[in-house]
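Below is one structure, written out as structure tokens, with a few remarks after it.
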């Protein structure tokens, strides 16, 4: 899809301040507003002006648009942040509408930022009547956070860095980094979202900011596998433990417990330790379980004594592992 140069449409430099963008828009809007203009392409030009103003007057949308524009032609691949299609209404920044209506905005705009809110500006606004901008809540932002499995068992705190955009005192758009301390609640699970109230996009016209949602993902763990609140680990058994049964002390993510291994090992058998999985949140959401997959570990025949014992078993045990094949 053809890239639209919003700076060129408004006739401003890429370094233009918010005030410069507003002044350029107002000047061109007076020339091309359909109610007063005699230009043959006034309707189309006004729609382009509204579109350019909507993007360049919003710090976060402008940052995303500039990032897209900095890519080489033919390689521009824009993925808008979640919920950027929440919709908004356009105004000239001084209480008067610019004449745009829902549906007046290009495929390029809608591909980047989603469709506008149904209804758009009112008919009275389209005739240039002044109205106060309505407070609007900021957009919600989404990100991922990687945790260790132990964080789910014990709870923890993490510092995360965020990058956003704002206008400085002179009206120039600047990016800023901020660090947030996030409390990880005990019992979080994969895919759960941690909500940070008020840490999303800024509100408009005095509206409240949106929220930031952090989606939980666990780092790969060499010992444990996780599914929901259940945790699975392998438990290696010596041949005599597998055959005769045994009492074995095994580690869990938070402690050590003694388990009884029944005699007569079978491939695929699991032991279930009820309630030793990820902690729950009460009776309606109980703790998960810890499953121990029993696996056979053979001692190496790397000493004369070990070889002698294996040779004795080979002679005296009537065992054929391939019987019935």
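The values are calculated or read from the model by the stated rules, or taken from the named source; none is laboratory data. Keep in mind the model is a prediction, meaning the values are calculated, not measured. Virtual Cβ from ideal backbone geometry, glycine too; neighbours counted across all protein chains shown.
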Next item on the list: List the helices (runs of 4 or more DSSP H) that sit entirely inside segment 5-115 and contain at least 1 residues that are at pLDDT 85 or above.
Entry: 6-10, 18-32, 42-56
Next item on the list: Quick one: which residue in 273, 292 is surrounded by 11 or more Cβ atoms within 10 Å (Cβ to Cβ), in contact (Cβ under 8 Å) with a residue 40 or more places away in the chain and closer than 28 Å to residue 147 by Cα?
Entry: 292
Check: What about residue 299, is it out of contact with any helix residue (DSSP H, G or I) (no Cβ under 9 Å at 6 or more places or on another chain), more than 30 Å from residue 227 (Cβ to Cβ) and assigned to a loop (DSSP other than H, G, I, E, B)?
Finding: no
Next item on the list: Name the residue, out of 219, 186, 144, that is over 30 Å from residue 14 (Cα atoms) and out of contact with any strand residue (DSSP E or B) (no Cβ under 8 Å at 6 or more places or on another chain).
Entry: 186
Notebook entry, point to check: Across segment 173-207, what is the total count of residues that are under 30 Å from residue 21 (Cβ atoms) and surrounded by 15 or more Cβ atoms within 10 Å (Cβ to Cβ)?
Noted result: 7
Next item on the list: Among what's in segment 295-305 and is touching a residue at least 60 places away in the same chain (Cβ under 8 Å) and either surrounded by fewer than 10 Cβ atoms within 10 Å (Cβ to Cβ) or under 30 Å from residue 152 (Cβ atoms) (or both), pick the residue that is farthest from the chain's Cα centre (by Cα).
Entry: 297
Notebook entry, point to check: Any idea which of (1) more than 30 Å from residue 141 (Cα to Cα); (2) out of contact with any strand residue (DSSP E or B) (no Cβ under 9 Å at 6 or more places or on another chain); (3) buried (at least 17 other Cβ atoms within 10 Å of the Cβ) is the one residue 264 doesn't satisfy?
Noted result: (3)
Margin query: Regarding segment 250-267, can at least one residue be identified that is out of contact with any helix residue (DSSP H, G or I) (no Cβ under 8 Å at 6 or more places or on another chain), outside the structural domain of residue 181 (by TED's automatic domain parsing) and touching a residue at least 40 places away in the same chain (Cβ under 8 Å)?
Written below: yes
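One line per residue, one yes/no per condition, for (1) in a loop (DSSP other than H, G, I, E, B); (2) modelled with pLDDT of 95 or more:
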site: 272; (1), (2): no, yes
site: 277; (1), (2): yes, yes
site: 288; (1), (2): yes, yes
site: 293; (1), (2): no, yes
site: 322; (1), (2): yes, no
site: 325; (1), (2): yes, no
Notebook entry, point to check: Within segment 289-312, can you find the residues that are within 19 Å of residue 245 (Cα to Cα) and either in the same structural domain as residue 187 (by TED's automatic domain parsing) or touching a strand residue (DSSP E or B) at 6+ places or on another chain (Cβ under 7 Å) (or both)?
Noted result: 291, 292, 293, 294, 295, 296, 297
Note to self: Checking the condition outside the structural domain of residue 264 (by TED's automatic domain parsing) and either closer than 30 Å to residue 299 by Cα or more than 25 Å from the chain's Cα centre (by Cα) (or both), which residue from 206, 155 passes?
What the structure shows: 206
